[in-house]
Each structure stands twice: as C-alpha cells, then as structure tokens.
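I have placed the structure first, in the form of structure tokens, so that the comments after it can refer back to it.
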Amino acid sequence: QLQASGGGLVQAGDSLRLSCVASGRPFSAYTMGWFRQTPGKEREFVASINRSGSSTIYADSVKGRFTVSRDSAKNTVYLQMNSLKPEDTAIYYCAQANLGSLIYQESRSYTYWGQGTLVTVSS
C-alpha cells in the first residue's frame, strides 16, 4: 500500500514536499517513482529512484527543480518541488516497481500505485 500526501495550493515560485509512505512489502527492495496527471492527459513520468538511492532520473520538465529521495527507516519516498510553475499543477502519484536496481520512466514498469495528491500552482 502506498499513501501519498503533501499536496496543496501554492503560488508560482513556491516549494512543496510530497511524501509517500509504503507498507506491505520491504520498502528498501524496490524502485520508487513519481508520476503526475492532469484531466484529459496521460499520466506523465516525473522522477524515479532506485532501491539504494544511488540512481535517480527526472523528466526534463522538472530537472533542476525537483528532487526525489527516500528514507528506508521511514519507508518513505519524497519529492521536493522547488520553483513551482502553474504547469506543474496535477495530481501526483507515487508508484513502486517490482525490481530495485534500476530506475524506470515507463508507468508499465510499476506495479503498485498510491491514491494521488493534488498540487495546484497559481500564477
């Protein structure tokens, strides 16, 4: 089970940190990812981090502004979002893969999904 939180309404230029707590499986064994979706659009990859945290990858649209990290002691993956823009407005989902050594950008590589948390950035 994945429980995402931390979304909210912010102004352009502000920061938010999303959290996703995982339970039910050994958190430290699996790659974690963040995706986002707006109405009428397909789910979009945001960031991925492997099980050890040694490898990360970001969508070009968020590179340099967002940082993904994980804390195995808390079974939690984070998405620190800085310099937010109105186009970052979306429902953000965390996801867990069935493997752990690599990082993945495709949604089909992830088996478990959280319920999503809404981020709204006003201009």
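The values are calculated or read from the model by the stated rules, or taken from the named source; none is laboratory data. Bear in mind the structure is a predicted one, so any value in this text is a computation, not a measurement. When we count neighbours, we look across all protein chains shown, and the Cβ atoms used for this are built from the backbone with ideal geometry, even at glycine. Please note that ligands, DNA and RNA were not included when accessible areas were found on the heavy atoms of the full protein model with its side chains. Shrake-Rupley method; radii C 1.70, N 1.55, O 1.52, S 1.80 Å.
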Running a GNM on the chain with Cα contacts under 10 Å, which residue among ARG108, ARG36, ARG65 ends up with the highest mean-square fluctuation?
ARG108
Dipole of the chain (Lys/Arg Cβ +1, Asp/Glu Cβ -1, origin at the Cα centre): which of PRO26, ALA97, ILE49 lies farthest to the positive side?
PRO26
Please build a GNM for the chain, connecting alpha carbons under 10 Å apart, and tell me which residue among ILE91, ILE49, ILE103 fluctuates the most.
ILE91
Expressed as a percent, the portion of alpha-carbon pairs in region 2-123 spaced more than 20 Å apart is 34
How many angstrom lie between the C-alpha centres of region 67-87 and region 21-48?
11
Residue span GLN11 to THR38: 0.36 nm per residue of separation minus Cα-Cα distance leaves a gain in nm of 7.9 nm
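Could you state the accessible area per residue of the chain in Å², with a 1.4 Å probe and every protein chain left in place?
Working: 6190 Å² over 123 residues.
With the other protein chains kept in place, the chain gives 50 Å² per residue.
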Reachable lysines from LYS85, Cα under 17 Å, same-chain residues fewer than 8 places away excluded?
LYS63
If you place +1 on the Cβ of every Lys and Arg, -1 on the Cβ of every Asp and Glu, and leave all else neutral, what size is the dipole of the chain about its Cα centre, to the nearest 20 Debye?
240
Net dipole in debye of region 62-117 [+1 Lys, Arg Cβ; -1 Asp, Glu Cβ; about Cα centre; nearest 20]:
100
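Heavy atoms only, probe 1.4 angstrom, no DNA, RNA or ligands counted: give me GLU106, GLU42, GLU87 ranked by accessible area, highest first. Write down the numbers at each step before the final one.
On the way: GLU106 80, GLU42 160, GLU87 125 Å².
Per-residue accessible area, sorted high to low, gives GLU42, GLU87, GLU106.
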